[in-house]
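The values are calculated or read from the model by the stated rules, or taken from the named source; none is laboratory data. This is a predicted model, so every value here is computed, not measured. Note: ideal-geometry Cβ built from the backbone for every residue, glycine included; neighbour counts use all protein chains shown. Calculation scope for accessible area: heavy atoms of the full protein, side chains included, ligands and nucleic acids excluded. Shrake-Rupley method; radii C 1.70, N 1.55, O 1.52, S 1.80 Å.
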Amino acid sequence: MKYLVMVQGAQSDYEGMTGKSSPHGPAWSEEDLRAMFAFMSAVNDDLAESGELVDSQGLTEPAQARTVTAGPDGRPVVTDGPYGETKEVLAGYWVVDCESLERVTEIAIRVSQCPEPAGTPVRPVVIRPIQDGDGGEV
């Protein structure tokens, strides 16, 4: 079965990774960034080696996102940012092909243990099964 493993984040997290602290999170040091990237690379390498990795990507900061919706008159409404009412966004993801929900939960637990500087907000790692083209699970 294929699953989407999603890492949550916020604009303040991306700013922290550029060395800017805020009331919502600390500034990341070069050492913090190296530790995070090494951790994520190890996760990717292990999933590729086990044959479970289908795809993984980190996403750019929310400030670079746009949302398009249909307005009341049916005309498109384009706004900056991914979501109008929340600060949390999808920061990155893995698509994995695993034998069970238990196995993908093990992967998500590992991802949740990524090193971060003290004071970084705790963000969830979300697991979603992927449906096949017929509306059923893959």
Pairs with Cβ under 7 Å, 6+ apart, first in region 2-27 and free of Cβ contacts under 8 Å to residues at least 40 places away in the same chain, second open to solvent by 40 Å² or more (accessible area, probe 1.4 Å) and acidic (Asp, Glu): Ser22/Glu15
How many residues are open to solvent by 50 Å² or more (accessible area, probe 1.4 Å), acidic (Asp, Glu) and closer than 17 Å to Val104 by Cα if we restrict to region 1-54? 3
Glu137 vs. criteria at pLDDT below 95, charged (D, E, K, R) and out of contact with any Leu (no Cβ under 6 Å at 6 or more places or on another chain): yes
Failed criterion for Trp94 (all others in (1) within 25 Å of Pro26 (Cβ to Cβ); (2) crowded, with 17+ Cβ neighbours inside 10 Å hold): (1)
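Taking region 24-41 as the search range and keeping residues that are of a type outside the set (A, V, I, L, M, F, W, C) and either touching a strand residue (DSSP E or B) at 6+ places or on another chain (Cβ under 6 Å) or not in a helix (DSSP H, G or I) (or both), which one is modelled with the lowest pLDDT?
If we filter region 24-41 for residues that are of a type outside the set (A, V, I, L, M, F, W, C), which is where we start, we get 24-26, 29-32, 34, 41.
From the residues that got through so far, the ones that are either touching a strand residue (DSSP E or B) at 6+ places or on another chain (Cβ under 6 Å) or not in a helix (DSSP H, G or I) (or both) too are 24-26, 29.
Numbers: His24: 87, Gly25: 90, Pro26: 94, Ser29: 96.
The selected residue is His24.
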Charged (D, E, K, R), part of a helix (DSSP H, G or I) and within 20 Å of Val126 (Cα to Cα): is that true of Asp55 in this structure? no
Quick check on region 61-85: of everything there that is open to solvent by 90 Å² or more (accessible area, probe 1.4 Å) and closer than 28 Å to Val96 by Cα, which residue is modelled with the lowest pLDDT? Tyr83
